[in-house]
1. Going by Cβ distance under 4.7 Å, what cysteines of the chain have no possible disulfide partner?
2. If you filter the chain for GluC sites (Glu not before Pro), then keep DSSP loop positions with at most 15 other Cβ within 10 Å, what is left?
3. So what is the diffusion coefficient of segment 1-55 in µm² per second by Stokes-Einstein at 25 °C and 0.890 mPa s, using a Kirkwood Rh over Cα pairs?
4. By how many nm would the segment from Glu48 to Ala76 lengthen if fully extended, with 0.36 nm per residue of separation less the alpha-carbon distance?
5. Can you find, among Gln21, Gly31, Phe9, the residue sitting farthest towards the positive end of the charge dipole of the chain, where Lys and Arg contribute +1 and Asp and Glu -1 at Cβ?
6. Taking only DSSP H segments of four or more residues, each worth -39500 (n - 2.57), what value at 222 nm results for the chain once the sum is divided by all its residues, to the nearest 500 deg cm²/dmol?
7. Say R0 is 22 Å: what FRET efficiency, to the nearest 0.05, do Lys34 and Trp64 get from their beta-carbon distance?
8. Filter the chymotrypsin sites (Phe, Trp or Tyr not before Pro) in segment 30-77 to those in DSSP coil with at most 11 other Cβ atoms within 10 Å of their Cβ, and list the result.
Amino acid sequence: MLYKPAKTFSEASPCTNVPLQCPLCPESTSGNRKTIWKYNSYFHLLAEHSVSGQRPPDVPPQFWIDTWLQHVEEQAG
């Protein structure tokens with residue numbers, strides 16, 4: 001499956017909800033990490049990796065960039 005076009009918002013393709021690998025989940029035997037949907041990433045971090053269930057853990061900055069929603073996308077949803 002090709003997700004690169006789906007990562008970029010456009011009027012023709014307003015949804016950028018793509019699978020991402022969680023940088024905090026342990027690698028499986030195949031060497032991959034758990035895959036989560038972009039729109040659920042914050043909830044995954046809170047549910048699976050939070051500090052006392054109150055705040056998300058420290059993650060690589062690129063993960064926050066990859067999960068960022070533009071205002072225009074929120075408005076289109």
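1. If one checks each Cβ against the other cysteines of the chain, Cys15 turn up with nothing under 4.7 Å.
2. Here the sparse-neighbourhood loop sites are Glu11, Glu27.
3. Details: Rh = 12.7 Å.
Once the numbers are plugged in, D ends up at 193 µm²/s.
4. Numbers: separation 28, 0.36 × 28 = 10.08 nm, distance 2.93 nm.
Length gained between Glu48 and Ala76: 7.2 nm.
5. Projecting each Cα onto the dipole axis, the largest value belongs to Gly31.
6. Roughly -7500 deg cm²/dmol at 222 nm, from the helical runs in the chain.
7. 0.80
8. Listed in order of number, the matching sites are Trp68.
Bear in mind these aren't lab numbers, they're just calculated from the coordinates by the rules spelled out. Just so it is clear, the structure is predicted and the values come from calculations on it, not from any experiment. All Cβ positions, even for glycine, are placed from backbone atoms using ideal geometry, and neighbour counts span all protein chains on display.
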